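Right, one structure below, let's go through it.
The values are calculated or read from the model by the stated rules, or taken from the named source; none is laboratory data. What you are looking at is a predicted structure, and each value in this text was computed from that prediction instead of being measured. Neighbour counts run over all protein chains shown; Cβ positions are idealised from the backbone, glycine included.
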């Protein structure tokens, strides 16, 4: 092969190599579209995340709280009826005492003395205490105090006779103070040697009185009393 033929073949080879290189690099000149970013779609039906607190029951107002203790309500004052608003008259007192007799001697009853007192009951009524003396008594022995609520007789200061009452007085709402003669065993009937016993009788709002401060004194065997049958 001649020198000229060799040069021609070399030139063609160079051109061909360049052409091939150009073809292989051509793709780099074309802009490529970036892959679209994937988007996250939240479905409307997706379950929402649970809250971090739970609803509580509404608080109960303090006014509706149950009391720890049930206090009994105080009785309200009501207009007093005619039977408790007044005081017993002489006839009513005499009748109550005539109906009270000694248990062993029913023929012996009681008669009113002049010693009496009246106090309010706290509810618009009146309370009265009257000393009654044994009907056949020659002295002050054999006495009983009769209690009345309004005009109603409600009981005695005991179911036995006492040796005697030295004084009777009202001591405020619903209370009477009574002093009783106090004999020693050998004292004569005229002359008690012991200090009188003072007892306070308080209205209990149940047609009765409760004593405080002492015990009704007596000498010997107490004489029982009762209502006439």
Candidate set from segment 197-208 (those that are within 20 Å of residue 160 (Cβ to Cβ) and modelled with pLDDT of 95 or more); member that is surrounded by the fewest Cβ atoms within 10 Å (Cβ to Cβ):
198
Testing residue 181 on (1) exposed (fewer than 13 other Cβ atoms within 10 Å of the Cβ); (2) under 21 Å from residue 114 (Cβ atoms); (3) touching a strand residue (DSSP E or B) at 6+ places or on another chain (Cβ under 7 Å), one condition comes back false. Which one is that?
(1)
I'd like to verify a number: residues in segment 126-165 that are without any contact (Cβ under 8 Å) to a residue 40 or more places away in the chain, surrounded by fewer than 17 Cβ atoms within 10 Å (Cβ to Cβ) and in contact with a strand residue (DSSP E or B) (Cβ under 7 Å, 6 or more places away or on another chain), how many?
1
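With segment 118-199 as the region, which strands (runs of 3 or more DSSP E) entirely inside it contain at least 2 residues that are more than 33 Å from the chain's Cα centre (by Cα)? Spell out how you get there, then give the answer.
Numbers: elements: 126-134, 143-149, 152-156, 165-170, 175-182.
Because the criterion is at least 2 residues that are more than 33 Å from the chain's Cα centre (by Cα), the strands (runs of 3 or more DSSP E) in segment 118-199 that meet it are 126-134, 143-149, 165-170, 175-182.
Within segment 201-208, is there a residue that is outside any loop (DSSP other than H, G, I, E, B) and either more than 24 Å from residue 95 (Cβ to Cβ) or without any contact (Cβ under 8 Å) to a residue 60 or more places away in the chain (or both)?
Yes.
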Please go through (1) within 25 Å of residue 94 (Cβ to Cβ); (2) assigned to a loop (DSSP other than H, G, I, E, B) for residue 220 and return the number of the only condition it doesn't satisfy.
(1)
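Across segment 73-100, which residue is modelled with the lowest pLDDT among those that are in a helix (DSSP H, G or I) and under 13 Å from residue 126 (Cα atoms)? Can you show your working first?
Narrowing segment 73-100 to residues in a helix (DSSP H, G or I): 82-85, 90-98.
Going one step further and asking which of them are under 13 Å from residue 126 (Cα atoms), we end up with 82-85.
Working: 82: 50, 83: 73, 84: 78, 85: 79.
Looking at residues that are in a helix (DSSP H, G or I) and under 13 Å from residue 126 (Cα atoms), I get 82.
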